[in-house]
Every structure is written in C-alpha cells, then in structure tokens.
1. Looking at (1) at pLDDT 85 or above; (2) among the hydroxyl-bearing types (Ser, Thr, Tyr); (3) within 14 Å of Ile169 (Cα to Cα), which one does Ser129 not meet, given that it meets all the others?
2. Leu293 fails exactly one of the following numbered conditions: (1) in contact with a His (Cβ under 8 Å, 6 or more places away or on another chain); (2) under 16 Å from Ile245 (Cα atoms). What is the number of that condition?
3. So which residues in region 211-249 are of a type in the set (D, E, K, R) and either in contact with a Phe, Trp or Tyr (Cβ under 6 Å, 6 or more places away or on another chain) or in contact (Cβ under 8 Å) with a residue 60 or more places away in the chain (or both), if there are any at all?
4. Check every one of the helices (runs of 4 or more DSSP H) wholly within region 211-304 and list those with 2 or more residues that are surrounded by 18 or more Cβ atoms within 10 Å (Cβ to Cβ) and of a type in the set (A, V, I, L, M).
5. So which residues in region 100-155 are among the hydroxyl-bearing types (Ser, Thr, Tyr) and surrounded by fewer than 16 Cβ atoms within 10 Å (Cβ to Cβ), if there are any at all?
6. Of the numbered conditions (1) out of contact with any helix residue (DSSP H, G or I) (no Cβ under 8 Å at 6 or more places or on another chain); (2) at pLDDT below 85; (3) open to solvent by 30 Å² or more (accessible area, probe 1.4 Å), Phe73 fails exactly one; give the number of that condition.
7. Output the number of residues of region 132-150 satisfying the condition of being farther than 23 Å from Leu183 by Cα and at pLDDT 90 or above.
8. Please specify each residue of region 327-358 satisfying the condition of being out of contact with any Asp or Glu (no Cβ under 7 Å at 6 or more places or on another chain) and open to solvent by 60 Å² or more (accessible area, probe 1.4 Å).
Amino acid sequence: MAFAPMGPEASFFEVLDRHRESLLAALRRGGGEPPSGGSHLASRFEDSVGLQMVSHCTTRKIKSDSPKSAQKFALILKILSMIYKLVQSNTYATKRDIYYTDSQLFGNQTVVDNIINDISCMLKVSRRSLHILSTSKGLIAGNLRYIEEDGTKVNCTCGATAVAVPSNIQGIWNLVTDAKFVLIVEKDATFQRLLDDNFCNKMSPCIMITGKGVPDLNTRLLVKKLWDTFHIPVFTLVDADPHGIEIMCIYKYGSMSMSFEAHHLTVPAIRWLGLLPSDLKRLNVPKDSLIPLTKRDQMKLDSILRRPYVTCQPFWRKEMEIMADSKMKAEIQALTFLSSDYLSRVYLPNKLKFGGWI
C-alpha cells in the first residue's frame, strides 16, 4: 500500500530522480557511486565499500600464560562464554547488559566494548551474529513503515515526535516507503527543528534520520538497510566544521575501529548536501555568526584531507580547503540570521530541487 502524496509536485523531484538513475547505473556497473575522476586509491579503501581492514594490519597477541595478558585473556573468555550462552538460548543482550553482569570485574563499559569489537573482528562476524545488540540513540521520521522482529508494526510518518531507531535492525522486515530521498541530520537539535517546521510533510515523500552526533551502530545499520532495500539518494546535513565532516565520513566511508564490518555499515553513495563552507559566502552569512577554527579543529581537518578517500572527492576537498583558508567554521544554526525557518523553507528545498549536493 503506497503513501498518499502530501509534498511538492512530481516535477520538484526531477533532479533527484535523475540522480537516483545515475546511482542505479553505477550499481549496475558494479561500482558504489558515479565516477568522479578520482585516481587509484590505497588498498585500505574501496570506493564501493569504504574503509577496509587490510590483510597486513598490526595484530595484538593475547597469551594465556603471560602475566601481562592474563587479565585480558580472562575477560575475553568470560565474554565468549556469555556469547555462547546467548547463541545457545537464541537470546540477545546489549553491551550494557554484559557490563552490568559483573561491573566490578570489567571496571568500565569501554573494556567490554573493546573486547566485543576484538571478538567480532577475530571471528570475522558481526555483533548481531554474536547475539549482542547496541543500544540505539538515533531517531527516524518520515515516509517509512516496517514490522519489527516481534511483529510490532511501526509507522514513522512525520509528526511532532520521531521514532527511535530499533535495536535489532536485521530483525525488521516488510519495509515500505515511497520516499524520494533520505536526509541524515547530524544533530538532534536541528532534527527536532525540522520536525517542528513540518519539513517531512512539506517535502514528502522523504525519510529523515539523526544519529545525534557521532552515529551509533544501529543508526548506521538502518541507513545501510534503507540504501540496500530502496536505492534512493541519501544526503547529509552537517555543521560546516571538521567534526561535522568527520561524522559524514563515518556514514559514507566508515571508521577505522569498525573497518572489518564496512560491508554492513557504509553507504559510499551518500552525498554532502550542506552546510557547505562555500554556502557561507554565497549566502552572506555575517562574520559574527562564524566561529574561528581551534587548533584541534585544524588538526582534524588536516587529518581528513590526508585520507585516501578524499582523493576521489575533489569537490569535498575544495570545500575543506575553503574552510582551511578562511580558518572559520559554522553551525547549521548560523542560517537563522536570514530567518528562523530559512533552513526548512528555503535552503534545503532549493538544494534538493536544483541538485546542490556534492
């Protein structure tokens, strides 16, 4: 059953539809995204997948007979035994659940998280296969319905509130949408503002997602599932600062710590919709709405510019160089100087209608 159209006329989405066709053509050719003229990349990166764990990576040995490794070895065995019981009983637990089974033994949550990552990498299986789920913090709204593993029907139709991203993404089924695009919003505050402005209904049919900053595993899995299921354009709306770019790169290319799961987590077809550093000058954003880059910002920006995937993204590089030259950054909220609803009423609709993404 299709959703009733509520948004702009079909002609509004002509550029989006052409973009989707180019993405589908790239998939048919066996690539992750349309060609961009980039050169050959390092072996640790594949443009159709994202960051990959290389075969000659540094390894760490844990020995049962070594005093230095004894505690770590014992904790690995402890968690492996818990995983075995979960698999045998066909039940699931979160990383938080595992930590609280013996918080004194583990010491802190980070210890558990790192060991689970090590086990997942060592066995070359996803956390889901280990029957370990992550606690979700993300939200989703818009033109999407699905059924959860236990049979619960979920309707994400945009209203005043959003739906929490489910903790078992692999378990959801019967996904239905007519959405023309997916918009990933970096920050919860911006996401909520777009909800308040009724953005999803005004731009219907669409889907809007936020990971509330650095995305958790389930939010990334959901974005990947939507792409694999529907192959509709996915865009990011992030602050024009190194931290926002980093978050966008995690969705698009993955992270080093989870590179062994890149096939399940990354969507290289993602495009940067805004806020672009070049937009700040184009829209005459006043200087008192901009923020000077800190030393930490500059280090982060330099780090991103050195990454192999930037080689195949010349337009991204140009935007980052604009930021580096100006030594200024801006939050999405800087657009409110034009009007309180400028983001939802003018900026995003124009970007989507006229193809203002890179």
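The values are calculated or read from the model by the stated rules, or taken from the named source; none is laboratory data. Bear in mind that the values here come from a model prediction, so they are computed numbers and not experimental data. Quick reminder, even Gly has a Cβ in these numbers, built from the backbone with ideal geometry, and neighbours come from all protein chains shown. Quick note on the areas: whole protein, heavy atoms, side chains included, nothing else; ligands and nucleic acids left out. Shrake-Rupley method; radii C 1.70, N 1.55, O 1.52, S 1.80 Å.
1. Ser129 satisfies every listed condition except (1).
2. Of the numbered conditions (1) in contact with a His (Cβ under 8 Å, 6 or more places away or on another chain); (2) under 16 Å from Ile245 (Cα atoms), the odd one out for Leu293 is (1).
3. Lys212, Asp216, Asp239, Asp241
4. 217-230, 242-253, 262-265
5. Within region 100-155, Tyr100, Thr101, Ser103, Thr110, Ser129, Thr135, Thr152 qualify.
6. It is condition (2) that Phe73 fails.
7. Here the count works out to 0.
8. Listed by number, the residues that qualify are Lys327, Gln333, Thr336, Phe337, Leu338, Ser340, Arg345, Asn350, Lys353, Phe354.
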